[in-house]
Amino acid sequence: MGRSIKEGKPSYLNGGLLIAMPQMDDPRFVQSVIYMVAHTDDGAMGIVLNQMIDSITFPDLLQQLGIEMEHEEQIIGIHCGGPVEGGRGFVLHSSDYRQEGTLAVDSGICLTATVEILRDIAAGQGPDQCMLALGYAGWGPGQLESEIQSNGWLHAPAVSALVFADDLSGMWEQALASLGIDPSMLSDDAGHA
């Protein structure tokens, strides 16, 4: 994304949700709900909230990183945050936890992409609410705006209950319902809602 998030011009999409429309033809994003971490003139970055990775568990990941799991109740699921840099980890979390590398996205949600946050979670000293994602969704300059104009995405305010939800099965429908939209009333034809 070229420049850092802090240098880019903030946009109204930061800290919000993107909700895939029914006609989304990219199989990586069908019925996806994405939390927008950054949106600037240089592009956009988000974390897919409702796709899990079943091939690795949190304890497995910690073991690969040489981190001891001290509190079994701290086990969290690993999400597929998007198709970009799938080996890179990101933790979306409540704002009660901060460290030097933490980015405050909005008043209640932060992003930290360091190994230290994983150590803290494993030790029971992490944030009250969190979700771990490998990879992210990224867009180049103007790409996301074009996809929104082509009816690929809806934008909604983020709600912590959705961002940190344990049950992902109905998240897409819940995100649409937060806008007062019944998914059955949406058309699969682009441009015709």
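Taking the number of other C-beta atoms within 10 Å as the exposure measure, put Leu17, Leu65 in order starting with the fewest.
Ordered by Cβ neighbours within 10 Å, fewest first: Leu65, Leu17.
Helix-derived [θ] at 222 nm for the chain: sum -39500 (n - 2.57) over DSSP H runs of at least 4, divide by residue count, nearest 500?
The per-residue figure over the chain is -4000 deg cm²/dmol.
Taking a ≥ b ≥ c as the square roots of the Cα gyration tensor eigenvalues, with a/c under 1.5 meaning rounded and otherwise prolate when a/b beats b/c, else oblate, which class fits the chain?
Prolate, since a/c reaches 1.5 and a/b exceeds b/c.
Listing Glu116, Glu147 from the residue with the fewest other Cβ atoms within 10 Å to the one with the most, what is the order?
Glu116, Glu147
Any idea what the relative contact order of segment 16-185 is, in percent, if you count C-alpha pairs under 8 Å spaced at least 6 apart?
29
Treat each spin label as a single point 7 Å out from the Cα along the C-beta direction, and report the Glu68 to Ser184 distance in nm.
Computed distance between label sites Glu68 and Ser184 equals 5.5 nm.
Read the figures in this text as sums done on the coordinates, not as results from a lab. Note that this is a predicted model, so its numbers are computed, not measured. Here the Cβ is made from the backbone with ideal geometry for all residues, glycine too, and neighbour counts use every protein chain on show.
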